[in-house]
């Protein structure tokens, strides 16, 4: 058997590329320039990247993880009958379908993510083979707009962008409002640092989003749509653009879609880097060419939105659920979840977790189950301390509350929010004060400046947090943080300001001891805050390799090469950047 | 992304874009994006040409250019390094990438983000969505993940070799 009979499929989402997919593809090509390689989007098993699938000519599928250029020859040899199965890298095969690695996907319920990583995003026929564009056909041929809205009402779908507003209610407002033209906007401005499900969907399953937009447009009576996609996601822009063009060719987009009197078209608008543009009215201002500043609501965009016309803005993940809901019925979607929250939610799991990636689970799943059954627990072996949910608008949920179920009300009760689904896991090496400062710096920078408390209040909070991290604070500063939290929440117009203090409020609530350690003991328990730690070299352990000296950016390390224990750090010069700690192979550097 | 430090603006290029993209106020963002993808930043001459030859006012052009973090009013190096500062990257050492790269590019002035020889500019960007590969950076168009400070330096040196650039503090 020669390699030409093998079909190689390599995951090439941005995360696959970051893990080195191009090198892997080159390695296959080097082996056989004619080899049949296709690329697919990201399946969401980011910890296994680069993921490679081999289809042999008997129709068997083999999935390999953590593939590097060194592993490629082993895989090829095995499939040519010349070597052993590279077991360490095997995720799935006809004989092995219960491996730990495979359980990552096995323990999930994938509706929004049903196609990602399983098909070529550049191929409309791949999507159609997976029942793509059947839902919109059904909608156009057999359903009235009211019936579509009714089906979505039955699904109890709520907006997945963060606020959780019932999708059918929003649509009804727009359906009922008068206008010669109505707009539908796909909100792909996934600005929460730590969330990447929208990127994965736009890159890996763009036709699904187009179909979702078509369904929404049909329901509200829109003929023109915009896909607002972050500039930081070039691959999403590229794949989505190709999908629009391909859909046009088959008359799935454009005039008189599939021979009906329904017409709809989509334009891509690239964002330009402003977190606040995730807010509906700011996003509209941005598309209109203005600074992306929110305005007062009402009037709501459903009544008066883009260019003054009725406008609906739906998040990418919300749209991704729609074709499934139409095909399978709203009741089937509502069968998942709890009384409060129906269906599934996608989370982007990252941080100190063994198996990071995209996780889609039914609402009502416990946080602990996501972290342990799917995420595989702590990556460092150190106990987990908290998860951060909801990005800069969200909060930290401590370990003792990991049995909280994932549903809107229960998450809100902890002080965090569901948000768009970023889930950053932290062990004891993360300083909660530093984390709160990180988020406050972010919101302070991203505040549009319209409301005084958001503009100045977040800056004051950042200054107070910096004081604490530097060991210069007094206990009264904690009261000042509490006070600012209340004021900023009350006196801000949009969600950015109203939620900006959340990271501080939740860390103060659950990790007050860390704040106090910084203030009273001048000590950072996680050994992160640079002003409160020192790097020192243990002479007995130092091998004299000189790596630390070479790496030190401020020449704070001196010693004699090849002389054991001769190196030391000049504390007056040291900036505690941690480079020496990182490169020391003999663990001779301690951080305290 | 290989641009010289000081851009030479050709009026017909800018006028061509106004023609193609449009000169109404809703074209402000795409027009500025086009200018920046050509020159790497928004040169003063290009801004003037847009303001004089379209319906976009000066306050709107500069209002938009200073509001969105993507736009730069200063020239940049021939290549751009984007260091992700998302949450996952922050907790796994994005700062160290910055320190180590600034070190080998010999950028010591805190106000500066471009190497003196005009080779590289270091930018901090909001999350690029590769959180499971944190910390992450993007050199020109290449996304690189799971980096340590030293690995980031190796990657940069490799990029410099391939692009005939000199990284000043070669170690």
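Relative contact order for chain A: 11 percent, from Cα pairs under 8 Å spaced at least 6 residues apart, divided by residue count. Looking at the stretch A:432-520, what % of the alpha carbon pairs are farther apart than 22 Å? In whole percent, the long-distance tail amounts to 17. With Cα atoms defining each centre, the stretch B:71-106 and the stretch B:37-67 are spaced 26 Å apart in the structure. Distance from the alpha carbon centroid of the stretch A:371-394 to that of the stretch A:42-61 works out to 26 angstrom. Under the shape rule built on the C-alpha gyration tensor, where the axes satisfy a ≥ b ≥ c, the protein assembly as shown is rounded, since a/c falls short of 1.5.
Scaled against the 2.2 N^0.38 Å expected of a compact globular protein of N residues, the Cα radius of gyration of the stretch A:1-117 reads 1.00.
The long axis of helix B:11-21 is offset from the longest Cα principal axis of chain B by roughly 80 degrees. Per-residue ellipticity at 222 nm from helix content only, as computed over the protein assembly as shown with -39500 (n - 2.57) for each DSSP H run of at least four residues, stands at -11000 deg cm²/dmol.
Can you work out the base-10 log of I(q)/I(0) for the stretch A:124-333 at q = 0.12, 0.14, 0.17 1/Å, using the Debye formula on its C-alpha atoms alone? Result of the Debye calculation: -0.54, -0.76, -1.18. Placing one equal scatterer on every Cα of the stretch A:534-591 and applying the Debye formula, the log10 ratio I(q)/I(0) at q = 0.19, 0.22, 0.30 Å⁻¹ is -0.52, -0.72, -1.44.
Among beta bridges identified by DSSP and lying wholly in chain A, the antiparallel ones come to about 55 percent. Shape class for the stretch A:45-112: prolate, because the ratio a/c of the largest to smallest gyration tensor axis (alpha-carbon atoms, square roots of eigenvalues) is 1.5 or more and a/b beats b/c.
Taking a ≥ b ≥ c as the square roots of the Cα gyration tensor eigenvalues, chain B comes out prolate, since a/c reaches at least 1.5 and a/b is larger than b/c. Note on B:138-150: average number of Cβ atoms from other chains within 10 Å of each residue's Cβ is 5.
Beta-bridge orientation, the stretch B:47-141: approximately 40 percent antiparallel, per DSSP, counting only bridges with both partners inside. Counting Cβ atoms of other protein chains within 10 Å of each Cβ in B:120-129 and taking the mean gives 6.
Once divided by 2.2 N^0.38 Å, the Cα radius of gyration of the stretch A:125-206 becomes 1.29. Evaluated at q = 0.09, 0.10 Å⁻¹, a Debye calculation over the C-alpha positions of the stretch A:225-345 (equal weights, vacuum) places log10 I(q)/I(0) at -0.34, -0.42. With Cα atoms defining each centre, the stretch A:94-158 and the stretch A:262-339 are spaced 20 Å apart in the structure. Taking every residue in A:291-303 and counting other chain Cβ atoms within 10 Å of its Cβ, the average works out to 1.
For the stretch A:342-424, the equivalent ellipsoid derived from the alpha-carbon gyration tensor has semi-axes of 18, 14, 12 Å in decreasing order. Expressed in Å, the radius of gyration and Dmax of the Cα atoms of the stretch A:305-448 are 16.8, 55.
With the highest mean first, a sort of the peptides B:101-113, A:176-188 on other beta-carbon atoms found within 10 angstrom per residue produces A:176-188, B:101-113. Against the compact-protein benchmark of 2.2 N^0.38 Å, the Cα-based radius of gyration of the stretch A:76-116 scales to 1.49. Entry note: the stretch B:79-162 has Rg to Rh equal to 0.93, where both radii use alpha-carbon atoms and Rh is the Kirkwood radius.
Laboratory data are not the source of any read-out in this text; all were calculated from the coordinates shown. These figures come from a predicted structure and were not determined experimentally. No Cβ is skipped: glycine too gets one built from the backbone with ideal geometry, and neighbour counts run over all protein chains shown.
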